[in-house]
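As structure tokens, the structure follows; a few thoughts come after it.
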Amino acid sequence: MTTATKVGRDLHITPFEGMDPIVVRPLPGRAGVQITNTYLGVAAGQNKAKEWTDALIMAVDGARQNSLTGLWEPVPEAEQLNYARIGNELSQDEAEAVIMPAFFWQTILGLDGVKAYIEGGEGLSGTLKATGALSRRLGLLSQPTSPSSV
């Protein structure tokens, strides 16, 4: 089972016992907004494979702002140490247990998003739980109202 702990400003994620944690540094807030918007676009059915991959790389390894476009981009490949480690040491299933908590941590949910993912059962069920929390936090889901008493 994945464990995640905030240490100072960093998130330490360990996908299974015996592995050294993967240390994820926080993104600047505007970069977090950008990757959140990318995720929401993908969740809404927009085909943004390249943008989604870039968002995940930024979530685990950081970002730099493009001075021409103002958009955030992944750090250069030589600096993508976590992403390389994840790809070289973990299966795809194990990689998801690191990448998705890192992503939700970089959103407005922070550690609550990580907890929602892990406590939701990780994988698809954890992603759905954390996505629901993110949608509610952003006001994208309407609040249920009590039935009319008429």
By residue number, the members of the range 110-130 that are outside any loop (DSSP other than H, G, I, E, B) and in contact with a strand residue (DSSP E or B) (Cβ under 9 Å, 6 or more places away or on another chain) are LEU111, VAL114, LYS115, TYR117, ILE118
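With respect to GLY113, determine if the residue is among the small types (Gly, Ala, Ser), open to solvent by 50 Å² or more (accessible area, probe 1.4 Å), out of contact with any Leu (no Cβ under 6 Å at 6 or more places or on another chain) and at pLDDT 95 or above.
So GLY113 does not fit the description; no.
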Selection from the range 94-104 of residues out of contact with any Asp or Glu (no Cβ under 9 Å at 6 or more places or on another chain) and either open to solvent by 20 Å² or more (accessible area, probe 1.4 Å) or not hydrophobic (A, V, I, L, M, F, W, C) (or both) yields GLU94, ILE99
For the range 58-81, pairs from a residue that is in contact (Cβ under 8 Å) with a residue 40 or more places away in the chain to a residue that is outside any helix (DSSP H, G or I) and open to solvent by 90 Å² or more (accessible area, probe 1.4 Å), with Cβ under 6 Å and 6 or more apart or across chains, are TRP72/GLN65
Looking across the range 44-73 at residues that are open to solvent by less than 70 Å² (accessible area, probe 1.4 Å) and in contact with a strand residue (DSSP E or B) (Cβ under 6 Å, 6 or more places away or on another chain), the single one that is farthest from ALA95 (Cα to Cα) is ASN66
Q) Scanning for something under 24 Å from LYS129 (Cβ atoms) and either among the acidic types (Asp, Glu) or surrounded by fewer than 16 Cβ atoms within 10 Å (Cβ to Cβ) (or both), does the range 81-92 turn up at least one residue? A) yes
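Being assigned to a helix (DSSP H, G or I) and open to solvent by less than 30 Å² (accessible area, probe 1.4 Å) is the filter; apply it to the range 1-43 and report the residue that is nearest to GLY123 (Cα to Cα).
My answer is TYR39.
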Scanning the range 116-149 residue by residue, the ones that are open to solvent by less than 50 Å² (accessible area, probe 1.4 Å), β-branched (Val, Ile, Thr) and at pLDDT below 95 total 2
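Listed here are the residues, each with its yes/no results for (1) among the β-branched types (Val, Ile, Thr); (2) assigned to a helix (DSSP H, G or I); (3) touching a Phe, Trp or Tyr at 6+ places or on another chain (Cβ under 6 Å); (4) more than 20 Å from VAL33 (Cα to Cα).
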site: ALA59; (1), (2), (3), (4): no, yes, yes, no
site: ALA78; (1), (2), (3), (4): no, yes, no, yes
site: ALA84; (1), (2), (3), (4): no, yes, no, yes
site: PHE103; (1), (2), (3), (4): no, yes, no, no
site: ILE108; (1), (2), (3), (4): yes, no, no, no
site: GLY132; (1), (2), (3), (4): no, yes, no, no
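The values are calculated or read from the model by the stated rules, or taken from the named source; none is laboratory data. Every value quoted in this text rests on a predicted model; they were computed, and no experiment measured them. Note that we place each Cβ from the backbone using ideal geometry, even for glycine, and neighbour counts take in every protein chain shown. Calculation scope for accessible area: heavy atoms of the full protein, side chains included, ligands and nucleic acids excluded. Shrake-Rupley method; radii C 1.70, N 1.55, O 1.52, S 1.80 Å.
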